[in-house]
Structures are given as C-alpha cells and as structure tokens.
1. Test of understanding: among Ser31, Ser68, Ser50, which residue is touching a His at 6+ places or on another chain (Cβ under 9 Å) and small (Gly, Ala, Ser)?
2. Go through the stretch 14-55 and report how many residues are among the charged types (D, E, K, R), over 22 Å from Asp65 (Cβ atoms) and touching a residue at least 12 places away in the same chain (Cβ under 8 Å).
3. Can you tell me how many residues within the stretch 40-64 are in a helix (DSSP H, G or I) and either open to solvent by 90 Å² or more (accessible area, probe 1.4 Å) or in contact with a Leu (Cβ under 6 Å, 6 or more places away or on another chain) (or both)?
4. Those residues that are on the phi < 0 side of the Ramachandran plot, at pLDDT 90 or above and open to solvent by 20 Å² or more (accessible area, probe 1.4 Å), I need them from the stretch 1-15; list them, please.
5. Determine whether the stretch 34-46 contains at least one residue that is hydroxyl-bearing (Ser, Thr, Tyr), within 13 Å of the chain's Cα centre (by Cα) and at negative phi.
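The values are calculated or read from the model by the stated rules, or taken from the named source; none is laboratory data. If you're wondering where the values come from, they're calculated on a predicted model, not measured in any experiment. A quick note on method: Cβ atoms are made from the backbone with ideal geometry, for glycine too, and the neighbour counts reach across all protein chains shown. Note: areas computed on protein heavy atoms with side chains; ligands, DNA, RNA excluded. Shrake-Rupley method; radii C 1.70, N 1.55, O 1.52, S 1.80 Å.
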Amino acid sequence: MPHTRALGDGLFELRLKAQEGIARVLYCTISGRKIIILHQFIKKTNKTPSKELAMARRRMQEVKDAHS
C-alpha cells in the first residue's frame with residue numbers, strides 16, 4: 001500500500017507504522033510548495049473516522065482562508 005494517498009479536495013493522508021499502532025497524518029499543500037500538517041492520530045479501525053476527517057477539513061479551510 002502506498003505511504004500517502006489523496007482523500008479529495010486537496011486533503012492527503014500519510015500512513016506511518018509506529019510501535020503504538022498505525023499513525024495517520026492528514027495534510028494539505030498551499031500554492032503547491034508548502035506542506036501544512038493539519039491533524040494526526042493513531043488509527044484503530046479500518047476506515048478513517050469521520051470526526052478525524054472533519055477536523056482536518058475544517059483546519060484546511062482555515063489555512064486556505066488565511067492564505068487567500
């Protein structure tokens with residue numbers, strides 16, 4: 001499985017394996033040059049929890065609003 005994947009609308013997921021479990025880092029890019037880390041969590045289920053996605057999407061919107 002790839003280490004990163006697109007989740008849509010400019011949101012991406014980075015997959016990391018750690019001793020504590022499988023970590024996820026949700027991020028976006030600004031102007032194609034800066035990577036903005038929005039949220040990270042330890043994944044305990046097969047599907048990414050909707051509350052984690054919602055938090056990252058909300059933060060991504062805040063970042064985009066600040067840079068527009």
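1. Every option except Ser31 fails the conditions.
2. So the count comes out to 5.
3. 8
4. Passing the criteria: Thr4, Arg5, Ala6, Leu7, Phe12, Leu14, Arg15.
5. no
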